[in-house]
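Here is the structure we will look at, set down as structure tokens.
Rule-based calculations on the coordinates, nothing more; no lab input. Since the model is a prediction, treat every value here as computed from it, not as a measurement. As a convention, Cβ positions derive from the backbone with ideal geometry for all residues, glycine included, and neighbour counts pool all protein chains shown.
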Amino acid sequence: MKIWVPMDSAAKALGAEAVVEALKAEAAKQGIELEIVRNGSRGMIWLEPLVEVEIDGARHGYGPAEPGDAAAILAGSGAKALGPVEELDWMRRQTRLTFARVGVIDPLSLADYEAHGGLAGLRRALGLSGQEIVDEVKTSGLRGRGGAGFPTGIKWQTVHDAQAPQKYIVCNADEGDSGTFADRMIMEGDPFTLIEGMAIAGIGVGATRGYVYIRSEYPDAIKVMRRAVEIARAEGVLGSDVLGSGRAFDMEIRVGAGAYVCGEETSLLNSLEGKRGVVRAKPPLPALEGFLGRPTVVNNVISLATVPVIFEKGAQHYADFGLGRSRGTVTLQIAGNVARGGLFETAFGMSLGEVVNYIGGGTASGRPVKAVQVGGPLGAYMPVSKFDTAIGYEEFDAEGGLIGHAGLVVFDESADMLQMARFAMEFCAVESCGKCTPCRIGAVRGVETIDRIAQGDPQAPALLTDLCDTMRDGSLCALGGFTPYPVMSALTHFPDDFATAKEAAE
Amino acid sequence: MPTARSEITADEIAQIIEAHRGLEGPLLPMLHALQEAFGFVPAEAHQPICDALNITRAELHGVISFYHDFRKAPAGRHVLKICRAEACQSVGGAALAEATLKKLGLDWHGTSADGAVTVEPVYCLGLCACAPAAMIDDRVVGRVDDAKIEAMIEEARA
């Protein structure tokens, strides 16, 4: 009997290990021979641990599983039986390109990976010239999924054209934004796709070395990625002779040390070099002077993990999905106070309201939605009145927000938006690298000014607005520059939360 | 999470430094390895690191103090990290953290009197769809409530 139990950390956090033990014990008791595969998560976090059992060749789901359900799972019955997983609404509504294999395969089986389309992209890329590889990425319309949305192909072109004795591919896996977990899920659920994407990038721009900088808060992802790199090297996917092509590319996993700002690409590079993770002024661009002063592609996990499917299915296939200048798919992470949270990959263009209410099922608490923070701690709080906004880079920009890494955190009406604005400033103060004044000092003054608003100071809101303008225009990177998004959106869209103290005083 | 060890030998420090000095950007891997071995970055390692990497003590101090992860002194036997980020706040994370600290009579970064557990804030564990989240040593826990926190602390004390 073949059973899948995810080893994704969300499944583990919800008790997957205890379920595995219970299944083993129950199978031993019944004399059933059990083959347990530890897969990634299908992304339906509200159903985790989601156990799958093979029945007549189809994978039937069962969740959320608890140790006491072991007998029912083995019998293929019970109230938590979900039927074939592929037929579930959540799965059928998606367009899974980047996440096609996540939850399906054994993450550390290279054979499984290849059987599901893995390495086809790299094999095709090895038959192309560097320029042809770069052109393919340009045609796909892929933009940086880390948040900035910069066209990936243009970045690759700059590195491709640079002359240097050594170039690098650096993967930014410092996924520190609250509400985001797509990087973690793909590293734990399909690590070879990231390795393959980095290898294609390396072959394309002429870089022979790569680094994945993973945050230390992700111990499971670090373990899986390290093991995957060892396997890939042993099987000749990495090394001096990539898949027998005579071309070289190898990579290493590096671990961050708990600094949020290291998700900013130049501070990440400093950290990788062993320095304080302070932001560098641009120019020079990392594409020209990056890691150790060499031309470096710095891309987010999802950007790089999407490259293999672009080469497997063709750039045009990918570009045919999407909306306006946002091509392909977006890996939405639906989180916070939401009934059905998880990872949902779909073409750009769905409205925010559809995602929150139709896909996410509204709040977990059952109370009305008050706000949705989109794009992490530096993203705007979108009120329900903006639920028509389509998920796309330009579309969110036009509404005073950003999609960032496409994480959505839902809040119900109990949220105090003044406190959320204060937290944004406090977080910026804690995590500021200290290099530029608007961020280092501004964030501290921001906390104080919001406290003055809470105490009813009538001049404070104007002062906060002015401070936010200074931070936005004068900060070196997105930490200080974007903290005004959550602060000002809270102040603008939820004035009642900022007026209570004043009114009470009057 | 390794527990702090009393014996810190110059030999072991030298071995760890030697094992990493050939890397490109060796300092962070070196500091992680030292902390893995000793539970913190011992002061005895500072000068050998500076000598190996040709950096000043000021530069080294700058790096160690910049990152939240590196400790100058041992933590408790276990480290409990409670997420303070927005997704966890949306489902009561702040109240949970406050209650836990109050119960232990600690502030953030404090260690319980019996040395069993150090409580630290963390900003996101990537468990935002099953929040609030916490982590004890390297083990993650989702949908944390008072009972689960209590169990984690009990386990740490056992």
Check your understanding: How would you order A:356-369, A:94-107, A:298-311 from highest to lowest mean count of nearby Cβ atoms within 10 Å?
Key -> A:298-311, A:94-107, A:356-369
**Study point:** Size-normalised alpha-carbon gyration radius of the protein assembly as shown, reference 2.2 N^0.38 Å
**Key:** 0.93
Point to revise | Normalised per residue, the volume of the convex hull around the Cα set of segment A:406-506 (Å³) | key: 94 Å³
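State which entries of A:LYS275/B:LYS72; A:LYS12/A:LYS80; A:LYS24/A:LYS80; A:LYS12/B:LYS103 exceed 23 angstrom in Cα-Cα distance in the structure shown.
Working: A:LYS275/B:LYS72 18 Å; A:LYS12/A:LYS80 19 Å; A:LYS24/A:LYS80 19 Å; A:LYS12/B:LYS103 26 Å.
Beyond 23 Å: A:LYS12/B:LYS103.
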Review point. Could you name the lysines in cross-link range of A:LYS370, using Cα to Cα under 16 Å and dropping any fewer than eight places away on the same chain?
Key: A:LYS386
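Can you pull the percent of Cα pairs in segment A:322-412 with separation above 15 Å?
On the way: 2095 of 4095 pairs.
When all Cα pairs of segment A:322-412 are counted, 51 percent exceed 15 Å.
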Review point. At what distance in nm do the modelled label points of A:ALA115 and B:GLU7 sit from each other, each positioned 7 Å from its Cα along Cα→Cβ?
Key: 4.9 nm
Revision key, fill the gap. Output field shielding_mean for B:61-67 (other chain Cβ, 10 Å radius) holds 5
Study note, to complete from the structure: Sorted largest first, the C-alpha extents of segment B:50-114 along its principal axes in whole angstrom are 48, 31, 15
Study note, to complete from the structure: Over the Cα atoms of segment B:26-158 the radius of gyration and the largest Cα-Cα distance (Dmax), both in Å, equal 16.7, 50
Study note, to complete from the structure: In whole percent, the Cα-Cα distances of segment A:160-252 spread across 5 Å bins from 0 upward as 3, 14, 25, 23, 16, 11, 6, 2, 0
Practice item. Divide by every residue of the protein assembly as shown the summed helix terms, -39500 (n - 2.57) for each DSSP H run of at least 4, and state the resulting mean residue ellipticity at 222 nm, rounded to the nearest 500 deg cm²/dmol. Key: -12500 deg cm²/dmol
Review point. Relative contact order, percent, of chain A when contacts are C-alpha pairs under 8 Å separated by at least 6 residues?
Key: 13 percent
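Against the 2.2 N^0.38 Å scaling, with N counting residues, where does segment A:110-319 land? I'd like the Cα-based Rg ratio to two decimal places.
Details: Rg = 15.5 Å, N = 210, 2.2 N^0.38 = 16.8 Å.
That works out to 0.92 for segment A:110-319.
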Exercise for review: Just tell me how shielded A:5-16 is by partners: mean number of partner chain Cβ atoms within 10 Å of each residue's Cβ, no decimals.
Suggested key: 4
Point to revise | For segment A:439-498, Kirkwood radius (reciprocal of mean inverse C-alpha pair distance, Å) | key: 11.4 Å
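Using only the alpha carbons of segment B:10-66, what is the convex hull's orientation-averaged projected area in square nanometres?
On the way: hull surface 13.9 nm².
For the Cα atoms of segment B:10-66, the hull's average projected area reads 3.5 nm².
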Check your understanding: Using the reciprocal of the averaged 1/r over all distinct C-alpha pairs, how large is the Kirkwood radius of segment A:2-92 in Å?
Key -> 12.8 Å
Exercise for review: Evaluate the relative contact order of segment A:2-92 (contact order divided by residue number), counting alpha-carbon pairs under 8 angstrom at least 6 apart; express in whole percent.
Suggested key: 31 percent
Study note, to complete from the structure: Listed with the fewest Cβ neighbours within 10 Å leading, A:ASP89, B:ASP146 appear as A:ASP89, B:ASP146
Check your understanding: Among the aspartates and glutamates, which fall within straight-line cross-link reach of B:LYS81, defined as a Cα-Cα distance under 12 Å, with same-chain neighbours fewer than 8 residues apart omitted?
Key -> A:GLU217, B:ASP69, B:GLU120, B:ASP137, B:ASP138
Check your understanding: Taking each residue of B:27-33 in turn, how many C-beta atoms of other protein chains fall within 10 Å of its C-beta, and what is the average?
Key -> 4
Point to revise | Mean projection area, nm², convex hull over Cα of segment B:79-139 | key: 3.8 nm²
**Study point:** Inter-site label distance for A:SER240 and A:GLN163 at 7 Å from Cα along Cβ, in nm
**Key:** 2.7 nm
Point to revise | Which of A:CYS477, B:CYS50, B:CYS130 has the fewest Cβ neighbours within 10 Å, and the rest in rising order | key: B:CYS50, A:CYS477, B:CYS130
Check your understanding: Using a simple spin-label model with points 7 Å from Cα along the Cα→Cβ vector, what separation in nm is obtained for B:HIS46 and A:ALA72?
Key -> 5.9 nm
Exercise for review: Kindly express, to the nearest 10 degrees and within the range 0 to 90, the angle between helix B:93-104's C-alpha long axis and the longest C-alpha principal axis of chain B.
Suggested key: 80 degrees
**Study point:** Cross-link reach list, lysines versus A:LYS313, counting only Cα pairs under 25 Å and skipping chain neighbours closer than eight places
**Key:** A:LYS138, A:LYS155
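Charges at C-beta only: +1 for Lys and Arg, -1 for Asp and Glu. How large is the resulting dipole of segment A:322-412 about its Cα centre, in Debye rounded to 20?
On the way: 6 positive and 8 negative charges, 41 e Å.
So the magnitude is around 200 debye.
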Study note, to complete from the structure: hull vol. (C-alpha, convex hull) per residue for segment A:61-120, Å³ -> 115 Å³
Practice item. Restricting attention to chain B, give the cysteines that have no other cysteine Cβ less than 4.7 angstrom from their Cβ. Key: B:CYS50, B:CYS124, B:CYS128, B:CYS130
